[in-house]
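Single-structure report; data block below.
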Amino acid sequence: MMTIRRAHERGHADYGWLNTFYTFSFADYYDPQWMGFRTLRVINDDTIAGGGEFGTHPHRDMEIITWVLSGALEHKDSMGNGRIIRPGEVQYMAAGTGVKHSEANPSDEPVHLLQIWILPDRKNVKPTYADRSFADVKTGTLQLIASRSGRDGSIAINQDADVFITKFGDGDRFEHFLKPERHAWVQVAKGELALNGELLHAGDGAAVTGESRLAFSAGKNGQAILFDLN
């Protein structure tokens, strides 16, 4: 079974410096039908204007993944980490017992990113940080960026979730198989991508349950992220 969450159905807020779309309930946007999917809690599609900033703020007991699509994002945190994340790079924080961080756009151009929260498999872990570049991912393939084991060069996270990104060109075809009792969420960040025959546009998401094969067919150049969840 597939349930599609269209881009125009998402929550939305425009603060001037931040234009954001909420796939699931977040901040002042609340929809009891969309509180997350399995252990996936947040997908925020953020565009931060030049000079815009999330000031220092706290998190705890959450797996936080940021995928920069365009522009540059400057990160600083209470663990002493600080760097600029660029397109194709993925940043990870296990908030665990508590961490504070800030995110800012240090340039004059907007930065476009997806911020993702995944519920951890246990609470009160020691906060950790990692970042990695996947800018050279081959088009028409699924690149594992995060997993509990950290296999195949992915970032190790505190949840039984495999997270993949893909770049695709018009006409690319590829597939992914879910093991029994696994579920998937697919979020299109840019372009158009058909999933099991259903066309998804930028900003669309789809929950998949009770199916083993995910067949992808690109209709327009773009990028997407796949969550393989327990």
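Here are the numbers for the structure shown:
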| read-out | value |
| --- | --- |
| 10 Å-binned pair-distance histogram of region 25-116 (Cα, whole percent) | 16, 47, 32, 5 |
| Accessible area in square angstrom per residue, region 32-124, 1.4 angstrom probe | 41 |
| Sparse-neighbour loop sites [GluC sites (Glu not before Pro); region 116-207; at most 13 other C-beta within 10 Å; DSSP] | 181 |
| D_trans [Stokes-Einstein, Kirkwood Rh over alpha-carbon pairs] for region 111-177, 20 °C, 1.002 mPa s, µm² s⁻¹ | 156 |
| R0 of 35 Å, Cβ-Cβ distance residue 196-residue 78: FRET efficiency to nearest 0.05 | 0.20 |
| Accessible surface of region 175-228, 1.4 Å probe, proportion on carbon and sulfur as whole % | 49 |
| Highest-fluctuation residue, 172, 46, 108 considered, GNM on the chain with Cα pairs under 10 Å | 108 |
| Share of pairwise Cα separations in region 17-73, more than 15 Å, in percent | 60 |
| Förster radius 35 Å - calculated FRET efficiency between residue 57 and residue 179, Cβ distance, rounded to 0.05 | 0.40 |
| Estimated dipole of region 80-178 in Debye, rounded to 20 [Cβ of Lys and Arg +1, of Asp and Glu -1, Cα centre] | 480 |
| Total charge dipole magnitude, the chain, about the Cα centre, Cβ charges on Lys, Arg, Asp, Glu only, Debye to nearest 20 | 620 |
| Protein-only accessible surface order, largest first, of 53, 109, 89, 103 at 1.4 Å | 109, 53, 89, 103 |
| Debye, to nearest 20: dipole size of region 33-97, +1 on Lys, Arg Cβ, -1 on Asp, Glu Cβ | 120 |
| Dipole of the chain, positive end: most advanced residue of 149, 71, 94 [Cβ charges, Cα centre] | 149 |
| Cut-off 17 Å, label 7 Å out along Cα→Cβ of residue 132, residues of region 157-172 by amide N | 157-167 |
| Cα pair count fraction exceeding 13 Å, expressed as % - region 76-129 | 66 |
| Anisotropy class of the chain from Cα gyration tensor, a/c 1.5 cut | rounded |
| Relative contact order %, the chain, counting alpha carbon pairs below 8 Å whose residues are six or more apart | 19 |
| Heavy-atom accessible surface of region 1-158: percent carbon and sulfur, 1.4 Å | 48 |
| Alpha-carbon Rg/Rh ratio, for region 140-212, with Rh computed the Kirkwood way | 0.96 |
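The values are calculated or read from the model by the stated rules, or taken from the named source; none is laboratory data. Here the structure is a predicted model, which is why all the values come from computation and not from measurement. Glycine gets a Cβ as well: all are built from the backbone with ideal geometry, and neighbour counts include every protein chain shown. Protein only, heavy atoms only, side chains kept; ligands, DNA and RNA dropped before computing areas. Shrake-Rupley method; radii C 1.70, N 1.55, O 1.52, S 1.80 Å.
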